[in-house]
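First up is the structure itself, then whatever we jot down about it.
The values are calculated or read from the model by the stated rules, or taken from the named source; none is laboratory data. Since the model is a prediction, treat every value here as computed from it, not as a measurement. Glycine gets a Cβ as well: all are built from the backbone with ideal geometry, and neighbour counts include every protein chain shown. Note: accessible area is taken over every heavy atom of the protein model, side chains too, but ligands, DNA and RNA are not part of it. Shrake-Rupley method; radii C 1.70, N 1.55, O 1.52, S 1.80 Å.
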Amino acid sequence: MEKSFIMIKPDGVQRGLVGNIISKFEAKGFTLVGLKQMSVSRELAEAHYAVHKERPFFGSLVDYIISAPVVAMVWEGNGVIASARKLIGATNPLEAEPGTIRGDYGITIGRNLIHGSDAPETAASEIELWFGESGLCSWEPALKPWLYE
């Protein structure tokens, strides 16, 4: 089963949008297998955004992610990576479609609420970085509403 790493960034946590964001993934039928609210260390933030290390915005991106708590999650389901990217919306909230998380709640590109893995390899790396081997709780939902539609 495919897994994706999703992080609600400091602006989403501070604006009280955690429940709204989680409900979108639940309504889509995905299974939450990892969840924690945490303050992010500079080392973790730098490792997570290492791909952007040479870009001019790297320092401010790291400073932002460590500025307040985030909610780190792992969601599981068929096609969860691509589907999550659609739920999240375009990076720039001004270009994100209505109905997406960024389209409905985003304000600026620098404070765009949420991060989601963009590929299976990225997801595996991010999940290992944020949760490790034993940080997930795989389980089978008792009711699968999508089976009864």
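Things worth noting here:
- Some residue of segment 76-92 being open to solvent by 20 Å² or more (accessible area, probe 1.4 Å) and farther than 22 Å from Phe25 by Cβ: no
- Qualifying residues in segment 3-49 (those that are open to solvent by 60 Å² or more (accessible area, probe 1.4 Å) and among the acidic types (Asp, Glu)) - the one nearest to the chain's Cα centre (by Cα): Glu26
- Just one of (1) of a type in the set (Ser, Thr, Tyr); (2) touching a strand residue (DSSP E or B) at 6+ places or on another chain (Cβ under 8 Å); (3) surrounded by fewer than 20 Cβ atoms within 10 Å (Cβ to Cβ) fails for Thr100. It is (2).
- Residue check for His48: modelled with pLDDT of 95 or more, within 21 Å of Leu129 (Cβ to Cβ) and not hydrophobic (A, V, I, L, M, F, W, C): yes
- Residue match in segment 17-33 (condition: in contact with a Ser or Thr (Cβ under 7 Å, 6 or more places away or on another chain), among the charged types (D, E, K, R) and closer than 27 Å to Glu133 by Cβ): yes
- When the residues of segment 101-111 are filtered to those that are among the hydrophobic types (A, V, I, L, M, F, W, C) and part of a loop (DSSP other than H, G, I, E, B), the one that is nearest to Ile22 (Cα to Cα) is Ile107.
- Qualifying residue in segment 60-71 (condition: open to solvent by less than 20 Å² (accessible area, probe 1.4 Å), farther than 22 Å from Glu2 by Cα, free of Cβ contacts under 8 Å to residues at least 40 places away in the same chain and not acidic (Asp, Glu)): yes
- Annotation note: Cβ proximity below 6 Å between a residue of segment 41-56 that is without any contact (Cβ under 8 Å) to a residue 60 or more places away in the chain and over 16 Å from Gly110 (Cα atoms) and a residue that is open to solvent by less than 100 Å² (accessible area, probe 1.4 Å) and part of a loop (DSSP other than H, G, I, E, B) (sequence gap 6+ or interchain) occurs for Arg42/Ile66.
- Number of the exception - Trp130 against (1) open to solvent by less than 30 Å² (accessible area, probe 1.4 Å); (2) more than 21 Å from Gly19 (Cβ to Cβ); (3) of a type in the set (Phe, Trp, Tyr): (2)
- Test: residue in segment 104-123 that is surrounded by fewer than 19 Cβ atoms within 10 Å (Cβ to Cβ), farther than 19 Å from Val13 by Cβ and modelled with pLDDT under 95: no
- Condition check for Lys24: under 24 Å from Ser138 (Cα atoms) and either out of contact with any Lys or Arg (no Cβ under 7 Å at 6 or more places or on another chain) or among the small types (Gly, Ala, Ser) (or both): yes
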